[in-house]
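Coordinate-derived values only; no laboratory data. This one's a predicted model, so the numbers in the text were calculated from it and none came from an experiment. Neighbour counts are summed over all protein chains in view; Cβ atoms, including those assigned to glycine, are modelled from backbone coordinates with ideal geometry.
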Amino acid sequence: MKKFIGISILVLLAGFSEVNAQSTASKVGTDVKDGAVKVGNKTAEVASNGKSAVIDKVYKDMEGPNGETIYIDKHSKYYWIDKKGHKVSIAKNKLIAKK
């Protein structure tokens, strides 16, 4: 009887550790995915900023609402680059003078 109880407890513990290992693997997979998304967004932002700095003019006297660098394209439109590398248009009256 003692062997039966001992074996059943051992089986239960082994079952719990397997479930815990699966949840840990799932969490690691989610962390890796989140990290990859962050790296991709930062790469897109840096690439867009580099392209804009070469192709378009930088508006040196003004900045965006949160201190962003403002670019002027060939159609005289003002924009800045967000955290995901997208161009965000902005009206001239919403620009802030640099200090």
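Report, ordered by chain and residue number, the lysines lying within cross-link reach of Lys27, taken as a straight Cα distance under 17 Å and ignoring same-chain residues fewer than 8 apart.
By straight Cα distance, Lys27 reaches Lys38.
Starting from the Cα of Lys74, draw a straight line to each of the aspartates and glutamates and keep only those under 20 Å, dropping any in the same chain fewer than 8 residues away.
Asp56, Asp61, Glu63, Asp82
Of Thr43, Thr69, how do they rank once you tally other Cβ atoms within 10 Å and put the fewest first? Write out the running numbers ahead of the final one.
On the way: Thr43 11, Thr69 15.
In increasing order of surrounding Cβ atoms, one gets Thr43, Thr69.
From the mean inverse distance of alpha carbon pairs (Kirkwood) and the Cα radius of gyration, derive Rg over Rh for the range 2-97. Mind showing how you got there, number by number?
Details: Rg = 26.3 Å, Rh = 17.4 Å.
In the range 2-97, Rg relative to Rh is 1.52.
Would you please put 2-8, 50-56 in order of how densely packed they are, using the mean number of other Cβ atoms within 10 angstrom per residue and starting with the highest? Before the final figure, lay out the partial values.
Numbers: 2-8: 8.6, 50-56: 13.0.
Ranked from most to least packed, the peptides come out as 50-56, 2-8.
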